[in-house]
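*Asks:* Just dropping this structure here.
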Amino acid sequence: MAATVKVWDPLVRIFHWSLVTSFAVAWLSADEIKNLHEIAGYCAAALIGFRLIWGFIGPHYARFGQFVHGPDKTLKYLRDIPSGRAERYLGHNPAGGAMILALLACMALLATTGYMQTTDAFWGVAWVQDAHEILANTLLALVIAHLAGVVMASYHHRENLVRAMITGKKRFGTSSDIR
């Protein structure tokens, strides 16, 4: 058994799987069970609020400063993937960091437009309903892209990233890995 190192703390992992669950419940109940859909949306909004705070005060690998990179570094990482030269990161790689920001922003906007539809000012307003539906579909596309990235990175670096997000541990880094 290869040596492992703790990367993701329990709160990051609980957040991740709770947000997955909230989105799945909201998606599946959207046209069928309004109350469940709304509760899932409120849960997602609360989770996003928690993650924003945890991104500044949480442990090393939970912090935005650790995994959010500029466009140049992110684009270089994406260009290196097809050639197999993409470096291994113990935490999230630059593409993963960009995806986290996209997922958080899209989910926050989705929850906001969902909430807006419950207010007197925006009840039945077409552009709010349209925006909510577009954001839901965009988020689903982002989730699919995220899953594809996880599969690709798992294959490329020969490690199970899904298991790592369950256990919090990844294969111990080598000197060439970025911490």
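*Asks:* Return the residues of the stretch 1-44 that are among the small types (Gly, Ala, Ser) and surrounded by fewer than 18 Cβ atoms within 10 Å (Cβ to Cβ); say none if nothing qualifies. Even if it seems obvious, please write down each step before you answer.
*Replies:* Just the residues of the stretch 1-44 that are among the small types (Gly, Ala, Ser), to begin with: 2-3, 18, 22, 24, 26, 29-30, 40-41, 44.
Within the stretch 1-44, ALA2, ALA3, SER18, ALA24, SER29, ALA30 meet the criteria.
*Asks:* Name the single residue, out of those in the stretch 126-165 being in a helix (DSSP H, G or I) and touching a Lys or Arg at 6+ places or on another chain (Cβ under 7 Å), that is nearest to TRP27 (Cα to Cα). Outline the logic, then answer.
*Replies:* Within the stretch 126-165, the first condition is being in a helix (DSSP H, G or I), and the residues that meet it are 126-157, 161-165.
Checking the rest, the ones that are also touching a Lys or Arg at 6+ places or on another chain (Cβ under 7 Å) come to 157, 164-165.
Values: HIS157: 32, ALA164: 26, MET165: 22 Å.
Out of the qualifying residues, it is MET165.
*Asks:* Could you list, ordered by first residue, the pairs with Cβ atoms under 8 Å in which the first is in the stretch 154-166 and under 14 Å from ALA86 (Cα atoms) and the second is assigned to a helix (DSSP H, G or I) and open to solvent by less than 60 Å² (accessible area, probe 1.4 Å), at least 6 apart or interchain?
*Replies:* Note: pairs meeting the criteria are SER154/LEU161.
*Asks:* Which numbered condition in (1) in contact with a His (Cβ under 8 Å, 6 or more places away or on another chain); (2) open to solvent by less than 40 Å² (accessible area, probe 1.4 Å); (3) part of a helix (DSSP H, G or I) is the only one that ALA98 fails?
*Replies:* (2)
*Asks:* Moving to a separate point now. Which one of the conditions (1) open to solvent by 50 Å² or more (accessible area, probe 1.4 Å); (2) more than 22 Å from HIS69 (Cα to Cα); (3) part of a helix (DSSP H, G or I) does ALA111 fail to meet, given that it meets all the rest?
*Replies:* So ALA111 meets the others, but not (1).
*Asks:* Can you tell me which of (1) over 20 Å from ILE134 (Cα atoms); (2) part of a helix (DSSP H, G or I) is the one ALA86 doesn't meet?
*Replies:* Evaluating ALA86 over (1) over 20 Å from ILE134 (Cα atoms); (2) part of a helix (DSSP H, G or I) leaves (2) as the failure.
*Asks:* Also, I was wondering about something else. Is there any pair with a first residue in the stretch 110-123 that is without any contact (Cβ under 8 Å) to a residue 24 or more places away in the chain and a second that is of a type in the set (Val, Ile, Thr) whose Cβ atoms are under 7 Å apart and which are 6 or more apart or on different chains, and what are they?
*Replies:* Correct list of pairs: THR113/VAL128; MET116/VAL128; GLN117/VAL128; PHE122/VAL128.
*Asks:* In the stretch 45-58, what count of residues is obtained for those that are over 13 Å from LEU103 (Cβ atoms) and surrounded by 15 or more Cβ atoms within 10 Å (Cβ to Cβ)?
*Replies:* 4
The values are calculated or read from the model by the stated rules, or taken from the named source; none is laboratory data. If you're wondering where the values come from, they're calculated on a predicted model, not measured in any experiment. Cβ atoms come from the backbone with ideal geometry, glycine included; neighbour counts cover every protein chain shown. Heavy atoms of the whole protein, side chains included, go into the accessibility calculation; ligands, DNA and RNA do not. Shrake-Rupley method; radii C 1.70, N 1.55, O 1.52, S 1.80 Å.
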